[in-house]
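The values are calculated or read from the model by the stated rules, or taken from the named source; none is laboratory data. Please read all numbers here as calculations on a predicted model, not as lab measurements. Using ideal geometry, Cβ is built from the backbone for each residue, glycine included, and neighbour counts are taken over all protein chains shown. Only protein heavy atoms, including side chains, enter the accessible area calculation; ligands, DNA and RNA are left aside. Shrake-Rupley method; radii C 1.70, N 1.55, O 1.52, S 1.80 Å.
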Amino acid sequence: MEYRTMNRKELAMELEISKSTLGRRMKDLDPKFKEQIKGHYVLLENEVKYIHEQISGMQKWPTL
């Protein structure tokens, strides 16, 4: 994944998940980080990288 400045909708599309799923997964992020990005429309490259690294480590729902 190329880390660049983007909004949450673009990040969800890059991760191939819905925007609501991204929101649910972001709830588990560090509270200090969430406070830092609160109210930001655009996420910076380092913030996108941190979110991607944290979310990609989460276990996905198993398929049957």
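Taking only the Cα atoms of the chain, the ratio Rg/Rh comes out at 0.95, with Rh defined as the Kirkwood radius.
Remark: region 34-41, residue by residue, has Karplus-estimated 3J(HN,Hα) of 4, 5, 5, 9, 4, x, 7, 7 Hz, where x stands for each Gly or Pro and the curve is 6.51 cos²θ - 1.76 cosθ + 1.60 at θ = phi - 60°. Amide hydrogen proximity for Asn7: with H placed 1.01 Å from N in the peptide plane, the residues at 5 or more positions away or on another chain lying under 5 Å are Leu43.
Accessible area per residue (1.4 Å probe, heavy atoms of protein chains only) ranks Ser18, Ser56 as Ser56, Ser18, with the largest value leading.
Note on exposure: His52, His40 ranked by accessible area (1.4 Å probe, complete protein assembly) read His40, His52, with the most exposed listed first. Taking GluC sites (Glu not before Pro) as exposed when DSSP calls them loop and at most 16 other C-beta atoms lie within 10 angstrom, the chain has its longest site-free stretch at 17-64. Estimated from helical segments only, the mean residue ellipticity of the chain at 222 nm is -15500 deg cm²/dmol, where each DSSP H run of four or more residues counts as -39500 (n - 2.57). Between Lys19, Lys49, Lys32, the residue with the greatest mean-square fluctuation in the GNM of the chain (Cα pairs under 10 Å linked by springs) is Lys32.
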